[in-house]
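First comes the structure, then the notes that go with it.
The values are calculated or read from the model by the stated rules, or taken from the named source; none is laboratory data. For clarity, every value in this text was computed on a predicted model and none was experimentally measured. Heads up, the Cβs are rebuilt from the backbone with ideal geometry, glycines too, and the neighbour counts pull from every protein chain shown.
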Amino acid sequence: MKMHDVWKIYRMGEVEVPALRGVSVEIKKGDFVAIIGASGSGKSTMMNLIGCLDVPSRGSVYLKSQDISKLDESDLASLRGKTIGFIFQQYNLIPSMSAFENVVLPLEFLEYDDREAANRAREILISVGLGDKMHHRPAQLSGGQQQRVSIARSLAGDPEIILADEPTGALDSVAGIEVLNMLHRLWKEQGKTIIMVTHNLNLAKYAHTTIELKDGQITRISENDEVNKK
Amino acid sequence: MKLEKCFMHAFNMALHSKLRSWLTILGIVIGVAAVIAIISMGEGMQQSMTAQLSGLGGDIVTISPGFSRGTGMFVMRGGGGEGGFSGGAQATDKEIVLSRSDLQALKGIPDIALIDTNIRGSVEVSYRGKTGKVSLTGVDQRVWSQITTNKIKSGRMLDSADQNVVVIGGRLASSYFDQPIGINKMITIEGSAFRVVGIVDDQSTNIYMPIQMAYQVIEDKKNGIYDSFVVKIKNEDQLDEVIAKIESKLMVARHVTQKDRDFSVSSSRQFQQTRAEALSSLNAFLVAIAAVSLIVGAVGIANTMFTSVLEKTKEIGIMKAIGARNPDILLIFLFNAGFIGLVGGVIGIILGTILSGFMPALMGNLPLMRGTAIVSLNSIIMALSVSITVGVLAGIIPAYQASKLKPVDALRYE
């Protein structure tokens, strides 16, 4: 995944507000990247672009060497479904669906065979430790459990990239650490590319590469080889 | 996403929706129920009309004195095949009647198979000490049984050799007097005794007797003067030609022209056709009114869908983030709208069917509404497809709006 001189400018009536100002970065396959910055630094915008939820105003974003601004909405959706798993701060589960149904949903968009989808969803939910809560609704689960459902959902389509937006933001520290360890395992054991957006500098130590953003520009990229030893 | 999955999600969405959806469904229910009730009522009327039409026979022509320059429909009395005209619009010094010479003229027409001569009057009838006034028809007993559309419930028709006998209407027999009149009972008409030989299968209080006897009991009718002729023609297909022939023959016989014509020739078929046409336009009018309520229901669906899209903006964002394409979202919302329409349609049909059962009672004794309401498969299929279409149409714009939501904006929506 690569960004080249990316600008994102939001219009607020007459005023143009640049959220990203000429960002160029390359994230290698199999890396664990933390994008950190204060609020308003442009990290959410960057995440939206990486996640193909939005297209840049200028410059290009390449995902698997495809320029996303050249794809139409449906192609973008399919690319998202196959390549990227999202984990949100507010979990963003569908409240009327059970944990199981939430995990099956992305597979339905990918037009998986019913039985295959059900098996896969069950397997993943068991692997995140929710085997006994599959048919609970989100409202019946704790924050940590909901975030695990959301992780399970992000993994359902077996994506290469997991994109986590403040994954621990709404959790207490114990549940937060649990989630981080889970992400870490996904990176180490399954070779997923993990991209985590956060304002919490402490979380950055779980990542191999840290990208610091300020006022829409990258101020520092550092690598931390210590994490490999964990 | 596969089609059936879209449908499942739409179904779940409707299932989990709140009171609002049910209120929307109610709008469609009322519309569909109204349409079904009215259509089934219309079909009931149509069917009883068709039954009457075939019962009357298309080969019967009635000739009566007097002529109206109007359309004809309004001077008629619904007396079935033998029902004649009510004197027409002309008021002259001389009473207009049909005479023996007219009968001779008719007999000269080869296309006519049978001629029944009728006179009518009001008579006093008594039975076991009770007296009442009913109408009496004198008929040519030799041909009456072959021309009349009346059906005999018990006993027999009049026949050639009959003299002091009568056939009476169903209600006269069953409930007009304190005690029912049975076959072979004697009744007194204007002081003379008559034996009842047959009871007609209807609800009238009419009395039928041989015309020669009727001349004696009806006060002011002279022999050789008739109130109407009822003729049966040989070939039903030539109805219009025969009517024209009868008219021209009678005009010659009565020394009148088209301008001062003083008699009318009508067929029950013509009469019924006019009535059927009037009915179907009335029906169309009612259906149009009911359709308005369906349109209001559709607006309700559109309104609910817009609100629903707004309410589900965040979910739409989530679905898009995890791989939903625009057509997936479009279909889910379209199916949802269609589903609301479908459920409304089904409940509406059930309600409409129940309602149409009460329709005849509600309409009371309206002569047009004799039949029962009939809920046909056609009207059910029509109502279902209309309600689904209405739902989908009402859902198109909201669903399109939902599908075009940008994932970033939708996700940010709270």
Does B:Met209 qualify as being in a helix (DSSP H, G or I) and either in contact with an Asp or Glu (Cβ under 9 Å, 6 or more places away or on another chain) or not assigned by TED's automatic domain parsing to the domain that holds B:Ile152 (or both)?
-> no
The condition of being at pLDDT below 65 and out of contact with any Pro (no Cβ under 6 Å at 6 or more places or on another chain) holds, among B:Gly66, B:Gly58, B:Gly84, B:Gly42, only for B:Gly84
Conditions: (1) among the small types (Gly, Ala, Ser); (2) within 30 Å of A:His136 (Cβ to Cβ); (3) within 17 Å of the chain's Cα centre (by Cα); (4) surrounded by fewer than 24 Cβ atoms within 10 Å (Cβ to Cβ). A:Ala77 meets all but one. Number of the miss?
-> (4)
Look at A:Arg120 and say whether it is more than 25 Å from B:Lys312 (Cα to Cα) and in contact with an Asp or Glu (Cβ under 9 Å, 6 or more places away or on another chain).
-> yes
Considering residues that are of a type in the set (Asp, Glu) and either crowded, with 19+ Cβ neighbours inside 10 Å or touching a residue at least 24 places away in the same chain (Cβ under 8 Å) (or both), the number found within segment B:260-290 is 1
So which residues in segment A:217-230 are under 18 Å from A:Pro167 (Cβ atoms) and either surrounded by fewer than 14 Cβ atoms within 10 Å (Cβ to Cβ) or at pLDDT 90 or above (or both), if there are any at all?
-> A:Lys230
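Hey, does segment A:51-72 have a residue that's within 11 Å of another protein chain (Cβ to nearest Cβ), farther than 23 Å from A:Ile211 by Cα and without any contact (Cβ under 8 Å) to a residue 60 or more places away in the chain?
Yes: one or more hits.
Which residue is modelled with the lowest pLDDT, if the candidates are limited to segment B:237-269 and must be among the hydroxyl-bearing types (Ser, Thr, Tyr) and within 23 Å of B:Val139 (Cα to Cα)?
Ranking the candidates gives B:Ser268 first.
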Candidate set from segment B:166-203 (those that are within 34 Å of the chain's Cα centre (by Cα) and in a strand (DSSP E or B)); member that is surrounded by the fewest Cβ atoms within 10 Å (Cβ to Cβ) = B:Val197
Just a yes or no: is a residue in segment B:217-236 within 25 Å of the chain's Cα centre (by Cα) and at pLDDT below 85?
-> yes
Being part of a loop (DSSP other than H, G, I, E, B) and of a type in the set (D, E, K, R) is the filter; apply it to segment B:297-353 and report the residue that is nearest to the other protein chains (Cβ to nearest Cβ).
-> B:Arg325
So which residues in segment A:57-110 are under 21 Å from A:Pro167 (Cβ atoms) and in a strand (DSSP E or B), if there are any at all?
-> A:Leu63, A:Ile84, A:Gly85, A:Phe86, A:Ile87
Report, ordered by the first and then the second residue, all pairs with beta carbons closer than 6 Å, sequence separation of six or more or different chains, a first member in segment A:92-121 that is within 9 Å of chain B (Cβ to nearest Cβ), and a second member that is acidic (Asp, Glu).
-> A:Ile94/B:Glu315
Collect the residues in segment B:237-259 that are more than 22 Å from B:Asp59 (Cβ to Cβ), among the charged types (D, E, K, R) and surrounded by fewer than 12 Cβ atoms within 10 Å (Cβ to Cβ), keeping them in residue-number order.
-> B:Lys259
